[in-house]
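Chemist: Got a structure here, written out as structure tokens. Questions coming.
Derivation of every value follows stated rules applied to the coordinates shown; laboratory data play no part. Fair warning: this is a prediction, and the values are worked out from it, not measured in the lab. All Cβ positions, even for glycine, are placed from backbone atoms using ideal geometry, and neighbour counts span all protein chains on display.
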Amino acid sequence: MTPQEVVERAVELSEADGCVVVAEESSAANLRWAGNTLTTNGVSRARTLTVVAVVDGVKGAASGVVSRSNVGPDEVERVVRLAEQAARASGPAEDAAPLVPGDPPGPEWDAPPAETSAAVFADFAPALGEAFRAAESQRRELFGFAEHRMQTTYLANSAGLRLRHDQPTGRVEITGKSDGRTKSSWTGRHTRDFTDIDVAALDTDLRNRLTWA
């Protein structure tokens, strides 16, 4: 099932007075290195389903929240029922408010979730190799990691709201060590797509910090 089908199915199965469903599809790519040598790299994927059930009562509305990872098609109903049980077992919420209604979803709703891959490091990886060679020639060692994550969030509720959002996040952290590993320095950056990461500048920063240590 696509994430859109999962959230629609969960809303359809709900027997509560209100229901909010969030499906998060994420993919991640990473590189790790130690002693001027790339050690591991890989890509992973995951799905998280969260169901919020709202039950009206004499004293007000109560809600229950259940979240599960990598939910299969035959497990969606169980997550919905568990959220409903949690709502009935909880007390009324002081901040309860009506669910936000929504217009029919736009064309982006039906699009597949955005994904990352090792291609995000197309320029970063060769530059990292150059930094390894420079550090080796200067009797320094580089340790660290780079990771990039893309998360697409699908939100649906029983009042008709349908929204999606793509969020790219990335970071690189590098530790430099002197010959004999008697000194060390660290630097890091956050990024959306690694096109703005200047590895040579980061390595220069590490080298300068080592002279101060």
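Chemist: How long is the gain from Ser117 to Gln167 if the chain were fully straight, where each residue apart is worth 0.36 nm and the alpha carbon distance is subtracted?
Modeler: Contour length minus Cα-Cα distance gives 16.6 nm.
Chemist: What is the spin-label model distance, in nm, from Thr211 to Ser90 if the labels are put 7 Å beyond Cα along the C-beta direction?
Modeler: According to this spin-label approximation, the distance is 5.7 nm.
Chemist: Please list, in order along the stretch 35-47, the HN-Hα scalar couplings obtained from phi with the Karplus expression 6.51 cos²θ - 1.76 cosθ + 1.60 (θ = phi - 60°), rounded to whole Hz, x for Gly and Pro.
Modeler: So the J values, rounded to whole Hz, are x, 6, 9, 5, 9, 9, 7, x, 10, 10, 9, 7, 10.
Chemist: Post the alpha-carbon centroid distance, the stretch 112-187 to the stretch 1-17, in whole angstrom.
Modeler: Here the answer is 34 Å between Cα centres.
Chemist: Hey, what do the phi angles of the stretch 68-83 turn into as Karplus ³J(HN,Hα) couplings, whole Hz, using 6.51/-1.76/1.60 and θ = phi - 60°, x for Gly and Pro?
Modeler: Here the 3J(HN,Hα) series is 9, 9, 6, 7, x, x, 7, 9, 4, 4, 4, 4, 4, 5, 5, 5 Hz.
Chemist: Describe numerically, in nm with one decimal, the distance between label points set 7 Å from Cα along Cα→Cβ at Ala125 and at Ala201.
Modeler: Result for the modelled spin labels: 2.4 nm.
Chemist: Taking Cα atoms, how many degrees apart are the long axis of helix 199-212 and the longest axis of the chain, rounded to 10 and kept between 0 and 90?
Modeler: That helix lies at roughly 60 degrees to the long axis.
Chemist: Work out how much length Ala34 to Glu108 would gain on full extension: take 0.36 nm times their residue separation and subtract the Cα-Cα distance, in nm to one decimal.
Modeler: Additional length available on full extension: 22.5 nm.
Chemist: What's the longest uninterrupted piece of the chain once you rule out the trypsin sites (Lys or Arg not before Pro) that are loop residues per DSSP with at most 13 other Cβ within 10 Å?
Modeler: 60-138
Chemist: Starting from the Cα-Cα distance between Arg78 and Asp56, subtract it from 0.36 nm times their residue separation and give me the gain in nm to one decimal.
Modeler: On the way: separation 22, 0.36 × 22 = 7.92 nm, distance 2.09 nm.
Stretched fully, the Arg78-Asp56 segment lengthens by 5.8 nm.
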